[in-house]
Each structure stands twice: as structure tokens, then as C-alpha cells.
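Shown next, in C-alpha cells, is the structure this report addresses.
The values are calculated or read from the model by the stated rules, or taken from the named source; none is laboratory data. Quick caveat: nothing in here was measured; it's all calculated off a predicted structure. Glycine also receives a Cβ, built like all others from the backbone with ideal geometry; neighbour counts cover every protein chain displayed. Keep in mind that these areas ignore ligands, DNA and RNA; they rest on the heavy atoms of the full protein, side chains included. Shrake-Rupley method; radii C 1.70, N 1.55, O 1.52, S 1.80 Å.
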Amino acid sequence: MSDRGHDAARAARRLPSKRVMIATALRMTGVISMLVRQGRWNGVVVLSYHRIGDGSVSPLHRGVFTATQELLDKQLTLLARRFELIGPEELEGAIRAGRGRRVMVTFDDGYRDLYEAAFPVLQARGVRALVFVCTGFIDGTATAWWDEIAWMCRGSSEAELPAGPWSSQRLGLDPSQLEDTIATIVRRYWELPAEQGEAFRAALADAARTGRRPPASAQADWMTWDMTRELAGAGHAIGAHTVHHPLLSRLPADAQHQEIAGSVDRIEAELGERPRWLAYPVGLSTAFTRESQTAARRAGIELAFSNYGGRVTASSYAPLDVRRVSAEMLRNESVFAATLAWPSMFVKPYP
């Protein structure tokens, strides 16, 4: 997950009404339609997607569901008809090419719904994506901590969680409070030193009285290596997303290198080609460091992608900090169209 993903999802729930109102007004007056057909701008907008499906029925973290399959189809149809879609090897040339309407589509993590729900739409619309896979998830050696946290909160029969390492106050588990409680706990988990994560989740399992999520259940969430090979064979680029999806900034330099290089090595072993692209887990500006960038360079990474918003332009371009925009923040149809039609107005870096 990047992303983005958690912060983007939380921000999307409280998306400023002013932004939606402006986008809606521009669309209703025809301005957005005109810009979609004729507008040109400098640079590239890189979109980051996570899960595809109906998150409202998921027992896991619903904030990482970017779009339903139907919404993804609408978005990719617009992109394929009106914009120039590029791959990672074209990025530097696109930045230098002057004004245009250039967009890159990326997916993070390697959830199975990427294969089952997104892949058919990508193929139907002729859209080539850059897919970042977390190798430990595919191999069954890593746990998506945000999903386990959500699973424990949703499965609890308790009315609330007591104060603990996740909060100095009690946290409600009734439906009206549940999403904010999950977001609060996930945010606290981000802030932990990496070595404290296991004890944190064990304590949460005890407080929620659910126990830990069974690994066999979690394995069904992820693509297999055969699915990943099929994506690559269909022309989609495959990038690395670390082994265990940690916040790299919480790790010492040698551990960061192991996470990045281990992921790159594993993908090369399975696909027969060494990936040249990386997405930093979570992707906010605080989620990676100069040591992360050094580790990426040592592993042979040419482009490393963050996820805190902004266009990629000649002035903002940094090969080891390529900006992306979380598509979780663009679920509103008018905001999506406005963002791609007028990025200088709607695409801004966020904290």
C-alpha cells in the first residue's frame, strides 16, 4: 500500500466541499469538458491505485479500496480516449516534451483484485499499468498490518477498545466510530519503531478479543507469481514494493537495503527480469529517507515513486522521488476529470 493510501482515504472522507463544488461547477459549465478535449499542460500526472472492488463489504481496511470495477472502467475509458498514457521508461522524455496531456497509471501492493477486477478492465481499455508488488505478500511471509488491524477491529464483539499503545483514550467500535478508530490505530502503527509492531498487534488482538488473523485467510488476498507473470506477459511493467511493506523511515539503513534489494531480487528470480522501478510503502514524504533512496540506487532502481501528490515536471522531477497522486482522493467523478484536465489547479502536494 502506498500511497496511500491510508491518509488519502481518510482525507477523501473529509474532502473539502469547496473542492468538490468547484470541480462540479466547472464540469456543469462545460469548462472541464473543453479542457479534457483541448487542454495542454507541462509534465506528467502519475496516478496510484490500490484495491479495486466494493470496499463497503470488506472485513479489511476499506480505505485502500480506490474504486469499484465500474468506476475504474469509467476512469480508464476517459484516460484512454482523451489523454496520452505512458509507461515508466517514457517518463523522462515526456517531462522534456513540452505541453501535453500525459498520464501514468500505477497500482500498489499486489492484491488479487488487481488481477481479477482491474486486469480485465486494463486490457479492455488498452491501458498499460506499472504494478508494484510486495514480494512477502505473494510469498506468504509478510502480513498487511493495516488489514489485520481492521480485521481485528471489525471482528470484535467489544463496544470499545481500552486505552493502550494505540491511543491514550478509549476508542469506539460501533459502526459510527469504527472507520475513524481503524484510521487512528493505523496512524499510530506508522509511528512505531519497526521492532514494536508485532507486540502492538498482539496487544490489540487481546484487547479486541479476536486473536490474530489466520495466515491462511490472508494469503487469499494476494496475487500469485503466475498471475504476476501473466500481467507482465500482457505488457504491464512490474516494480518492487519491498518485502514486508514497512515504513522505511523507521528502519536502519541496512534493513532498508534488505527490504528493497530483497524485493528486487525475488521479482527477478520469478520473472527473469530485474525490476528498475520501486514504490516506497505508504509513500508520504515522511515514509522514506535519503538512506531509502541510497538503498534503492544500490539495488539498481532507476525510478522510485512516492505518493504525496503533485505533478512531475521538469522543476519537480527527482528520479528517486517521483510524485504520484492517490486515486483514492479522486473517487468523485467531477474531481477526477478536473484533476486530469487542470492539474495546475487540482494537483497539489499534500502532507
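How about the stretch 71-188: which helices (runs of 4 or more DSSP H) wholly inside it have at least 1 residues that are of a type outside the set (A, V, I, L, M), in contact with a strand residue (DSSP E or B) (Cβ under 8 Å, 6 or more places away or on another chain) and open to solvent by 10 Å² or more (accessible area, probe 1.4 Å)? Step through it out loud before you land on a result.
Working: elements: 91-96, 119-125, 135-139, 145-155.
Filter on the stretch 71-188 gives an empty set.
Could you tell me which of the residues ALA203, ALA183, ALA240, ALA208 is within 24 Å of GLY262 (Cβ to Cβ) and of a type in the set (A, V, I, L, M)? Before you say what the answer is, go through the steps one by one.
On the way: ALA203 fails: within 24 Å of GLY262 (Cβ to Cβ); ALA183 fails: within 24 Å of GLY262 (Cβ to Cβ); ALA208 fails: within 24 Å of GLY262 (Cβ to Cβ).
One residue alone meets the criteria, ALA240.
Taking the condition free of Cβ contacts under 8 Å to residues at least 60 places away in the same chain, open to solvent by 10 Å² or more (accessible area, probe 1.4 Å) and either more than 27 Å from ILE301 (Cβ to Cβ) or out of contact with any Leu (no Cβ under 8 Å at 6 or more places or on another chain) (or both), does ARG27 pass?
Spelling it out, it is not the case that ARG27 is free of Cβ contacts under 8 Å to residues at least 60 places away in the same chain, open to solvent by 10 Å² or more (accessible area, probe 1.4 Å) and either more than 27 Å from ILE301 (Cβ to Cβ) or out of contact with any Leu (no Cβ under 8 Å at 6 or more places or on another chain) (or both).
Which ones in the stretch 152-171 are within 27 Å of the chain's Cα centre (by Cα), among the small types (Gly, Ala, Ser) and over 14 Å from LEU60 (Cα atoms)?
If the condition is that a residue be within 27 Å of the chain's Cα centre (by Cα), among the small types (Gly, Ala, Ser) and over 14 Å from LEU60 (Cα atoms), then SER167 is the only one that fits.
Which ones in the stretch 277-301 are touching a strand residue (DSSP E or B) at 6+ places or on another chain (Cβ under 7 Å) and surrounded by fewer than 22 Cβ atoms within 10 Å (Cβ to Cβ)?
GLN293
Name the one entry in HIS61, HIS50 that is farther than 12 Å from ALA327 by Cα and either out of contact with any Ser or Thr (no Cβ under 6 Å at 6 or more places or on another chain) or at pLDDT 80 or above (or both).
HIS61
Give me the pairs: first residue in the stretch 203-214 and open to solvent by 30 Å² or more (accessible area, probe 1.4 Å), second residue at pLDDT below 95, beta-carbon distance under 8 Å, and six or more apart or on different chains, which are they?
From the stretch 203-214, the pairs are ARG213/THR143.
What pairs come out if I take residues in the stretch 295-324 that are under 20 Å from THR339 (Cβ atoms) and free of Cβ contacts under 8 Å to residues at least 24 places away in the same chain and pair them with residues that are assigned to a loop (DSSP other than H, G, I, E, B) and open to solvent by less than 30 Å² (accessible area, probe 1.4 Å) whose C-beta lies under 9 Å away, six or more apart or interchain?
Final answer for the pair search is SER315/GLY43.
Filter the stretch 315-328 down to the residues that are surrounded by fewer than 22 Cβ atoms within 10 Å (Cβ to Cβ) and modelled with pLDDT under 95 and list them by number.
Of everything in the stretch 315-328, those that are surrounded by fewer than 22 Cβ atoms within 10 Å (Cβ to Cβ) and modelled with pLDDT under 95 turn out to be SER315, SER316.
If you check ILE95, ILE52, which single one turns out to be touching an Asp or Glu at 6+ places or on another chain (Cβ under 8 Å) and among the hydrophobic types (A, V, I, L, M, F, W, C)?
From the options ILE95, ILE52, the qualifying one is ILE52.
Name the residues in the stretch 307-337 that are acidic (Asp, Glu) and over 27 Å from GLY55 (Cβ atoms), would you?
ASP321
Looking at (1) part of a loop (DSSP other than H, G, I, E, B); (2) open to solvent by less than 80 Å² (accessible area, probe 1.4 Å), can you tell me which one ALA199 breaks?
Single failed check for ALA199: (1).
Are there any helices (runs of 4 or more DSSP H) wholly within the stretch 267-351 with 1 or more residues that are within 15 Å of the chain's Cα centre (by Cα) and of a type in the set (D, E, K, R), and if so which?
Ranges flagged: none.
List the number of the failed condition for HIS236; all other conditions in (1) crowded, with 17+ Cβ neighbours inside 10 Å; (2) without any contact (Cβ under 8 Å) to a residue 40 or more places away in the chain; (3) not β-branched (Val, Ile, Thr) hold.
That leaves (2) as the condition not met.
Would you mind finding the one in LEU35, LEU15 that is at pLDDT below 85 and in a loop (DSSP other than H, G, I, E, B)?
Just one listed residue meets the conditions, LEU15.
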